[in-house]
1. Can you name the condition, by its number, that Lys152 falls short on among (1) at pLDDT below 90; (2) closer than 25 Å to Phe295 by Cβ; (3) open to solvent by 60 Å² or more (accessible area, probe 1.4 Å); (4) not acidic (Asp, Glu)?
2. Among the numbered criteria (1) open to solvent by less than 60 Å² (accessible area, probe 1.4 Å); (2) within 24 Å of Gln265 (Cα to Cα); (3) in contact (Cβ under 8 Å) with a residue 40 or more places away in the chain, which one does Val146 miss?
3. So, restricting to strands (runs of 3 or more DSSP E) that lie completely within segment 132-183, which ones have at least 2 residues that are of a type outside the set (Ser, Thr, Tyr) and out of contact with any Leu (no Cβ under 8 Å at 6 or more places or on another chain)?
4. How do the pairs read when you match residues in segment 241-252 that are touching a residue at least 12 places away in the same chain (Cβ under 8 Å) and within 13 Å of Ile210 (Cα to Cα) with residues anywhere that are among the hydroxyl-bearing types (Ser, Thr, Tyr) and in a loop (DSSP other than H, G, I, E, B), using Cβ under 8 Å and keeping only pairs 6 or more apart or on different chains?
5. What do you reckon, is Phe249 of a type outside the set (Lys, Arg) and either in contact with a helix residue (DSSP H, G or I) (Cβ under 7 Å, 6 or more places away or on another chain) or open to solvent by 50 Å² or more (accessible area, probe 1.4 Å) (or both)?
6. Got a number for residues in segment 300-351 being over 21 Å from Gln265 (Cα atoms), in contact with a helix residue (DSSP H, G or I) (Cβ under 8 Å, 6 or more places away or on another chain) and touching a residue at least 60 places away in the same chain (Cβ under 8 Å)?
7. What number of residues within segment 270-326 are assigned to a loop (DSSP other than H, G, I, E, B), open to solvent by less than 20 Å² (accessible area, probe 1.4 Å) and not aliphatic (A, V, I, L, M)?
Amino acid sequence: MSASRLRYLLDKYLNNEYTSAELDEFADLLEQPEHEDEVKAVLAALAGGTKPGRVLSDEAAQQMLKNILGNDIAADQGKIKDIGKRAGKKALFMKWAAAAAVFAFFVLGIRAFMQQDTESPLSAAVRDAGNKVVVYTTTGERKEIVLPDGSKVWLSPSSALTYPYVFDNNKREVQLSGEAFFEVERAPEQPFIIYSGTIKTKVLGTSFNIQAYENQESIAVMVVTGKVKVSNDSEENDIELLPNQRAVFNKITDRLTKETTVEEQAPGMLKRKEGTFVYHNEPLQKITEDIEAYFGVKVEVAPPVKGCNVVASFEVTDSPASVLEIIAITIHGDLFFKNGTYIINGSGCPD
């Protein structure tokens, strides 16, 4: 069983969207003793978000449930048992008291209470990887995360962030696959380091965006405030970045370069925290690569228009077809959909 499958089935149940087969599968998974640790980890993560120290003990779970419901716990756990009976399972969740109590929070309307935290427990998948947490998003999904030191991360679609429950005293290290905007708490004695493929970004306290999708040819680090240092694996080519500066690492040439961007770029990066993606005279090919990653679609661009610079803005909740249609119009081109692929044609860049 995977943690993501368990979360999927739980979300289906809570939204009353499950099929009979899914309910039976959910009950079967929770009743199998070999899944005990995974069940506890997933349910605790869903209840408490991904903040360190939020895994509930049996006593804490029982007390929280009692405080919220204001009535007899045994009676409420009886309701859960009845749910199991209706699914043909006479002892659903009752093998593990903590897991049962945590699940009861959701079944009996506690989701709103838990969502007062910065992050929404059901908005993205959370996986326990030993002493680390992995948070990942799917296409069209974004997530806000609070790290153990109070730093904040806004994870873009199709991305994953790995971090420890507790940071080391000498440094704070995380791993990023995909894209994220960071606001790092200042701690000069404890540098913050992000590993993105072969690129390492080191900061003391600042805000910046990193884009490091595995299927793209480059990794980009854009600074909004403060200062960061970017290096490749060999650390022979360190680059220091100030606001409105960007480091780009080309995976093919293995070259790391620094660029000074237009002033509008930094405010555009800030908007990504809210799920708005803004481009100022970016190559069309680059924008469509991002759209592929954000929405999980395939896009082809005709060679004559690949290098056209485009001004574009869209929301993560928009449909890829509408976004691509507007972009095609701006370059006087056409948009087609064929064999599962969006195709942008054009004879050349507009004057």
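The values are calculated or read from the model by the stated rules, or taken from the named source; none is laboratory data. Worth saying up front: this structure is predicted, and the values here are computed from it rather than measured. Quick reminder, even Gly has a Cβ in these numbers, built from the backbone with ideal geometry, and neighbours come from all protein chains shown. With ligands, DNA and RNA removed, areas are computed over all heavy atoms of the protein, side chains included. Shrake-Rupley method; radii C 1.70, N 1.55, O 1.52, S 1.80 Å.
1. Answer for Lys152: the failing condition is (1).
2. (2)
3. Values: elements: 132-136, 143-146, 152-155, 160-164, 172-183.
In segment 132-183, the matching strands (runs of 3 or more DSSP E) lie at 132-136, 152-155, 172-183.
4. Final answer for the pair search is Gln245/Thr261; Arg246/Thr261; Phe249/Thr198.
5. no
6. Residues that pass the stated criteria total 1.
7. Number satisfying all stated conditions: 2.
Okay, residues lined up against (1) modelled with pLDDT of 90 or more; (2) β-branched (Val, Ile, Thr); (3) closer than 24 Å to Arg272 by Cα:
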| residue | (1), (2), (3) |
| --- | --- |
| Lys229 | yes, no, yes |
| Asn232 | no, no, no |
| Glu240 | yes, no, yes |
| Pro243 | no, no, yes |
| Val248 | yes, yes, yes |
| Arg255 | no, no, no |
